[in-house]
């Protein structure tokens, strides 16, 4: 099955046809029709077919040859020497074609090739065709197909233009060795016979062997595959098998793919296991002119019953009734209303976290399943969105569904205006919501933020940014004595806050070039002064907190007007921020540094501990990025207490290596675990033990590739808990038509009382056929 160079069939050649190349399928290998009785009017090297009736002007049949002979005794027409026949986009080429005008039989021999509109090519030594090219036989057939697939057979019988029956067929999608064409490809299917159904776009093999490097490794009495020319085709996909799983035991999956129409399809999969009941799942996709939807769901009979355990707070978590008929629904959709507005939804629901764990439903291991529905609009400098949000907890040892909020609704609007007469820009922002909890605070917020920025530069190169901001919020809240606020009041509270802020930031960059202009060096002092009334932290005013539960002072928030993530809590008082930014860039390489500190007049002692802002002089924050060459890069951040010399926060990432081999490493340190701070009533007693557990971890890994091989490994270890978090590795081989991969992953994370699970995944991929996995 050698690949042959393709020559333009419209150009006259006196040499014989030696080769042709294209990708496509054997489907409809000869589609133009020749009459049973015909004569041709000869023109220089070109002949048009005359059927005795007017030829369709849309599909004229044209012949080209070096020589044409008519035999009136035998009633034959013979074309020899670079014969080329085309009708529309269909092309037939051969060294010699004989047409019997009495029987309508065409005999073509010598480098016979047919080229179809999709670029597919069929080669044969000899072809004898009749019935308008719908019936016939071919000897020593080769075909090139899409995705570099190739099919060969000793002989081929074509019936009704729809079925090709081949004897001694061979199929592969691998490259053929150019130096030794007799050498077996990396893999191939050898079959006693094969049937190609052109109408239904499939190929069936009987008595087939899968050869690897010419050695038979698998025998299949019957094997069916989709024709590579089919872009989408209904049928069974590759089944999967898992010998062992903690909750499913031995299980296997059987997926079926259904092409509904040109814009939609569905995949249905059955799962059968030895430890619990079966599951049926499906995924439906539909693409419209104005949007798209993707719906995935499953239904199962789960026989497992969850076990009771003690969580990290020392509380007993009882057994749940999460067994029996269980299911999940994941749905996504987005639709354009007009050029300015669109709507969508992202729905993620499951009957229980235990069911997701037992059946390995994607998303298990996360804290929550999040769902929302929205309408959003886009304008010139403006954005508007209204949505509703719902959360479902997946770790009942820490998060209960009754503690999680509903946002019904939430409205966001943002507008940035054009420069005004003073050279400044005005912006308007608001995020308004109604939050409801079955167990916890419920509150409503209305917000309006006005912001005016004016940027200018001095003759000395200084850059000034003047900002005037007004934040205003009004709240109505009830059950503030419950989580996440834990205020000592049981009444419904109406409260609010107004905070005007003025800030001036100055950047003074000093730049010089070096290495004959190929590099630049920058030293940039940065000074910022911010003033706002000291309104406190909101607790005395009974202001609820929904979006400002996390607070972290780092280099990214050093020059922020509000260092909280949201606006329920605002930074007030008089403060100044200073920093120095340095950058060296040359030949595409870079070293970038930033260090700074904040000085504040007022100290809010009820701010989250370890914030770095517990004194008038804050912790020193810094970041560094070093990438001096292609072999090494380093990124790091830190926060240092100037009074004690202790690190209150730090993380770092590096990678180093040479071509085909690289190592990576990381480190993170945090003195607390902020996630657990609001899980218990932190106002009644000192923060819970889980909150004060340090996060102190290192991670590392390597990756390598050479020729067609790849190898990688990683490990992540908690230094504070003195145990691994996860580790794993991957090794595999890939070439142009074959893939083999083995992956190992071990996780030590505790979820729902369960921990330590290992996953082995073996994947075998054959190009154009699919992938087979063993997990």
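Quick look at the values:
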read-out: Ordering of 259-269, 240-250 by burial proxy (mean other Cβ atoms within 10 Å per residue, highest first); value: 240-250, 259-269
read-out: Burial ordering of 202, 150, 231, fewest other beta-carbon atoms within 10 Å first; value: 231, 202, 150
read-out: Segment 641-719 versus segment 171-223: alpha-carbon centroid distance in Å; value: 50 Å
read-out: The chain, relative contact order [Cα under 8 Å, separation at least 6], %; value: 5 percent
read-out: Distant alpha-carbon pairs in segment 696-774 (separation over 14 angstrom), percent; value: 69 percent
read-out: Neighbour-count order for 452, 709, fewest beta carbons within 10 angstrom listed first; value: 709, 452
read-out: Fewest-first ranking of 98, 474, 83, using other Cβ atoms within 10 Å as the exposure measure; value: 474, 98, 83
read-out: Helix-only CD estimate at 222 nm, as mean residue ellipticity for the chain, using -39500 (n - 2.57) per DSSP H run (n ≥ 4); value: 0 deg cm²/dmol
read-out: Label corresponding to percent of Cα pairs over 40 Å apart when calculated from the structure given, among (1) 48; (2) 37; (3) 58; value: (3)
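All of the numbers you see were taken from the coordinates with simple rules; none came from a lab. Predicted, not measured: the structure shown is a model, and the values here were computed from it. Cβ atoms come from the backbone with ideal geometry, glycine included; neighbour counts cover every protein chain shown.
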